[in-house]
Amino acid sequence: MSVRFRLGLMMFLQYAIWGSWSPVLSDYLINRLGFSGTQVGFIYSLLPLATIISPFIGGQVADRYLATQKIIALLQLAGGLLLIIGSRLTDFSSLAGLMLVYCLIYAPTLALTNSIAFIHLRDREREFGQIRVWGTIGWIVAGLLLAGWRLAFRSFGLAPVAGDTLLLAGIFSLIMGLTSFGLPHTPPKKEAAKPWAFLEALRMLRDRNFAVFIVLAFIVATELMFYYVMTAPYLTSEMIGVSSSAVSGVMVIAQIAEIFVMALLLPYFLPRFGIRTTLLIGILAWPVRYIIFVIGKPSWLVIASLALHGFCYVFFFTAAFIYVDRVAPSDIRASAQSLITFATIGVGNYLGSLFAGWIQSLFTGPAGTNWRAVFAIPAAITILCALIFLLFFKGDKSTQAK
């Protein structure tokens, strides 16, 4: 099989695993197992926490000790078994403990899959988006497969399988574990002069451009959680009026746009205009969408603005992974990808979830939530990020347009 096919399958399975449980696990935990909101929030906080702790370990092992494809395979096989076991657990302490271990296993693979793709693509700027888009497709397919699975059970008058969301994720994980042994061979750099790759990745922060980039990536990641956490209740509020039964289908607009931008626009735009312009457009797309959310009228414009997620996510976060790969020394690329994962999916998403929840509570009273005030906060913060980026991030010769 071609390298591109194997890497595309890897991304498909990597995000199908996550997409199997993340969107709907809360419904299972609350409505089937009777967990409290605090307990559900704790379980959902485990992956960002794990992304703070474990990616550097995975990057260090991949850069210095064991072939990357073998690490991914072993971690996904172990993770698949844990998820299947977790699908049978019904008490909070047991499931939370298992999910903590699982998240510590899964988190390193988020950076390692990016790293192995960058290493084996000939034209990373053009090809990475076309490979990574299969992750978004995998997320969507997992959700559709789970829905079809449940509809099939209901059509035969059967109750849904307990913990089916974790069971499906576990099956995808086992498949990925087995297929990952067939990924392109990516040996460690055992001969590297400096043994601690993750420390070398941290030393990249001595470069002002890179330090500015990491700080802004962290801040933008916190504001990303306003979209993930608050968009659904905002759309179903009286202000917009989308029905609860239709909101998940409406929000698919964002994923469809993400596929289009990642597969077609990013490969065209990045080589022509360079990483600095691409990242700037990505940052500016955030306040544009949040300002539309603040205005809130007409409703069709708010719904249409969900398509900006393609630019918000792809032109900033996907381009960010490309930028890190370009500026990182070849012998610490896995650890450098772990660093950006740590700053965004880890610390950024974790603190962003808490921040978004606090802001929503701050502007909620007896009359309901003041959604204009809620989304004015991330709008202002992302505008400030764009100004700082424009003034202080200059790029370098390796990241300019060709």
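Rule-based calculations on the coordinates, nothing more; no lab input. Note that the coordinates shown come from a computational prediction; the quantities given were computed from them, not determined experimentally. Cβ sites come from the backbone with ideal geometry, for glycine too, and all protein chains shown count toward neighbours.
In table form, for the structure just shown:
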item: Cα pair count fraction exceeding 25 Å, expressed as % - the chain; result: 57
item: Tail weight of P(r) past 23 Å, computed on alpha-carbon pairs of segment 256-363, percent; result: 40
item: GNM result for the chain, Cα springs below 10 Å: residue of 367, 254, 380 fluctuating most strongly; result: 367
item: Calculated FRET value between residue 388 and residue 203, using beta carbons and R₀ = 22 Å, to 0.05; result: 0.45
item: Hull-based mean projected area of segment 1-184, where the convex hull spans the alpha carbons, in square nanometres; result: 10.8
item: Principal axis box of segment 195-402, alpha-carbon based, largest edge first, Å; result: 57, 34, 30
item: Positive dipole terminus of the chain, leading residue within 356, 330, 220 (C-beta point charges); result: 330
item: Vicinal HN-Hα couplings computed from phi for segment 168-177 (Karplus, 6.51 cos²θ - 1.76 cosθ + 1.60; Hz; Gly/Pro x); result: 4, 4, x, 5, 4, 5, 5, 4, 5, x
item: Among 334, 304, 263: highest mean-square fluctuation, GNM of the chain, C-alpha pairs under 10 Å; result: 304
item: Theoretical ellipticity at 222 nm over the chain - DSSP helices of four or more residues, -39500 (n - 2.57) apiece, nearest 500; result: -24000 deg cm²/dmol
item: Total charge dipole magnitude, segment 1-184, about the Cα centre, Cβ charges on Lys, Arg, Asp, Glu only, Debye to nearest 20; result: 300
item: Cβ-based charge dipole, the chain, positive-most Cα from 229, 201, 367; result: 201
item: Fewest-first sequence of 300, 134 by Cβ atoms within 10 Å of each Cβ; result: 300, 134
item: FRET efficiency estimate (nearest 0.05) - Cβ-Cβ, residue 91 to residue 155, R0 30 angstrom; result: 0.45
item: Test item: Cα-centred dipole of segment 195-402, Lys/Arg +1 and Asp/Glu -1 on Cβ, debye; result: 500
item: Rounded FRET efficiency, nearest 0.05, which uses the C-beta distance separating residue 243 from residue 367 and R0 of 25 Å; result: 0.70
item: Per-residue HN-Hα couplings for segment 24-41 [Karplus 6.51, -1.76, 1.60; θ = phi - 60°; Hz; x = Gly/Pro]; result: 10, 4, 4, 4, 5, 5, 7, 8, 9, 9, x, 6, 7, x, 5, 5, 5, x
item: Per-residue Cβ neighbour rank within 10 angstrom, fewest leading, 206, 32, 6; result: 206, 32, 6
item: Computed over the chain: relative contact order in percent, which uses C-alpha pairs under 8 Å that are six or more apart; result: 27
item: Test item: Cα-centred dipole of the chain, Lys/Arg +1 and Asp/Glu -1 on Cβ, debye; result: 780
item: Potential extension, residue 304-residue 2 segment - 0.36 nm per residue separation minus Cα distance; result: 105.0 nm
item: Sorted by Cβ neighbour density within 10 Å, fewest at the top, the residues 20, 26, 361, 2; result: 2, 361, 26, 20
item: Lysine pairs in the chain with Cα atoms under 23 Å, if 8 or more residues apart or on separate chains; result: 4
item: Choice from 200, 238, 223 with maximal GNM fluctuation in the chain (Cα, 10 Å cutoff); result: 238
